[in-house]
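Chemist: Quick one: the structure is below, questions incoming.
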Amino acid sequence: MAISFKNVAKAFGQKKVLDGVSFSVETGEVLFILGKSGMGKSVTLKTTIGLMKPDRGEIYVHGEAVHTASEHTLAQVRKKCGMVFQHPALLDSLTIFENVAFGLETKNRERVIECLKLVHLDESILNRKPQEISYGMQKRVSLARTLAPGPQILLFDEPTTGLDPITTNAVNELIAELSDRLNVTSVVVSHDMGCALRIADRILVLDQGNILALDTVDRIKSSSEPLIQDFLREAL
Ligand SMILES: Nc1ncnc2c1ncn2[C@@H]1O[C@H](COP(=O)(O)OP(=O)(O)OP(=O)(O)O)[C@@H](O)[C@H]1O
Ligand SMILES: [Mg+2]
């Protein structure tokens, strides 16, 4: 098992964002997390790698307890997990090459170019600074940087929002391929039900602090839940 949440709760003030949430993600699985804005999708990803502590409950990554982990253990967990943030978090003062090579122990040019190719970019941008390329390109560079060290678990926060349809397809294919070929586990937060239906193994729907549904694509497709039906209509 790659990730496990047991009765995880997190509130901000009066707002219970996660109200006792339990689920597991199998190794090599692609799990999509869907939910309306503000329903705790990003919080779920952040607590998985200890960027945010839950108020209660337990979180395990490859059997390692994240909720009680020391900074040292968290650093090891984060080496295994790559996180692609909702907004590209590139370092402005570094070049694209330096950004992609950031997590590499040896700053290998070939590996950097290989990862840029995976996200449909090439070496022509290596010496540019993030502010000199478009938002969509920055998102792709940020994904390339996450892929570079070869993580076993990938956490994506809306990886395709703001990307053109061709790159969106490329990113989705990449997620499916990493899962099939390298047995990489992916958790993908998305608003895109169409994409979830194509590449997810299972879909988790978060609503009002709880799991409204967690099921295979086929079962989600035949769900009678009004919220899920709304998502399904958008995917038509
Ligand atoms: N650091 C924080 N401090 C205070 N409130 C927070 C913090 N992080 C998240 N929240 C609140 O928790 C709720 C859930 O946030 P979260 O970012 O997980 O939503 P989301 O499902 O990712 O939404 P979106 O689809 O808009 O990205 C929101 O109401 C948000 O305002
Ligand atoms: Mg979010």
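What follows draws every value from the coordinates through simple rules; no lab data is involved. Predicted, not measured: the structure shown is a model, and the values here were computed from it. As a convention, Cβ positions derive from the backbone with ideal geometry for all residues, glycine included, and neighbour counts pool all protein chains shown.
Chemist: Quick check on my link table: of Lys80/Lys139; Lys36/Lys129; Lys46/Lys107; Lys41/Lys139, which ones sit more than 25 Å apart, alpha carbon to alpha carbon?
Modeler: On the way: Lys80/Lys139 21 Å; Lys36/Lys129 34 Å; Lys46/Lys107 27 Å; Lys41/Lys139 19 Å.
Going by Cα-Cα distance, Lys36/Lys129; Lys46/Lys107 fall outside the 25 Å limit.
Chemist: Between Ala65 and Lys129, what is the FRET efficiency for a Förster distance of 45 Å, r being their Cβ-Cβ separation, to the nearest 0.05? Walk me through the numbers before you get to the answer.
Modeler: Working: r = 40 Å, r/R0 = 0.88.
The computed FRET efficiency comes out at 0.70.
Chemist: List Asp218, Asp164, Asp201 from most exposed to least, where exposure is judged by having the fewest other Cβ atoms within 10 Å.
Modeler: Values: Asp218 8, Asp164 12, Asp201 16.
Ascending number of Cβ neighbours within 10 Å: Asp218, Asp164, Asp201.
Chemist: While we're here: Sum -39500 (n - 2.57) across every DSSP H segment of at least 4 residues in the chain, then divide by the residue count to get the 222 nm mean residue ellipticity, nearest 500.
Modeler: Counting only the DSSP helices, I get -10500 deg cm²/dmol.
Chemist: Then there's this: What number does the chain give for Rg over Rh if you use C-alpha atoms and the Kirkwood radius?
Modeler: Details: Rg = 17.6 Å, Rh = 18.2 Å.
Ratio value, two decimals: 0.96.
Chemist: If R₀ is 25 angstrom, what is the calculated FRET efficiency for the pair Lys221 and Ile166, using the beta carbon separation as r and rounding to 0.05? Please report the intermediate quantities before stating the final value.
Modeler: Details: r = 26 Å, r/R0 = 1.04.
Once the sixth-power term is evaluated, E becomes 0.45.
Chemist: A further question follows. Report the extension gain between Lys53 and Glu110 in nm, rounded to one decimal, defined as 0.36 nm multiplied by the number of residues separating them, less their alpha carbon distance. Kindly include the intermediate steps, with their values, before the conclusion.
Modeler: Numbers: separation 57, 0.36 × 57 = 20.52 nm, distance 3.72 nm.
Between Lys53 and Glu110, full extension yields an extra 16.8 nm.
Chemist: Right, next: Test of understanding: extend the Cα→C-beta vector of Leu74 to 7 Å, then name every residue of the range 157-189 with backbone N under 18 Å from that spot.
Modeler: Under 18 Å, as judged by backbone N against the label point of Leu74, lies no residue of the range 157-189.
Chemist: Can you say what percent of the DSSP beta bridges in the chain, counting only those with both residues inside, are antiparallel? Round to 5. Mind dumping the intermediate values first?
Modeler: On the way: 21 of 38 bridges.
Percent antiparallel among DSSP bridges in the chain is about 55.
Chemist: Translational D (Stokes-Einstein, µm²/s) of the range 1-91 at 4 °C and 1.567 mPa s when Rh comes from the Kirkwood sum over C-alpha pairs? Please report the intermediate quantities before stating the final value.
Modeler: Values: Rh = 13.7 Å.
Result for D is 94 µm²/s.
Chemist: Another question, if that's okay. Picking from Ile113, Ile153, Ile33, which is most flexible by a Gaussian network model of the chain using Cα springs under 10 Å?
Modeler: Result: Ile113 has the largest fluctuation of those listed.
Chemist: Please determine, in degrees from 0 to 90 and to the nearest 10, the orientation of helix 71-80 with respect to the longest principal axis defined by the Cα atoms of the chain, where the helix direction is its Cα long axis.
Modeler: 80 degrees
Chemist: Using only the Cα atoms of the range 138-236, each taken as one equal point scatterer with no solvent, compute I(q) by the Debye sum, divide by I(0), and report log10 of the ratio at q = 0.18 Å⁻¹.
Modeler: -0.90
Chemist: Return the whole-Å distance between the Cα centroid of the range 60-84 and the Cα centroid of the range 147-222.
Modeler: First find each Cα centre; the distance between them is then 21 Å.
Chemist: Using the Kirkwood radius built from alpha carbon pairs, what does the Stokes-Einstein equation give as D for the range 87-150 at 10 °C and 1.306 mPa s, in µm² per second?
Modeler: The estimated diffusion coefficient comes to 143 µm²/s.
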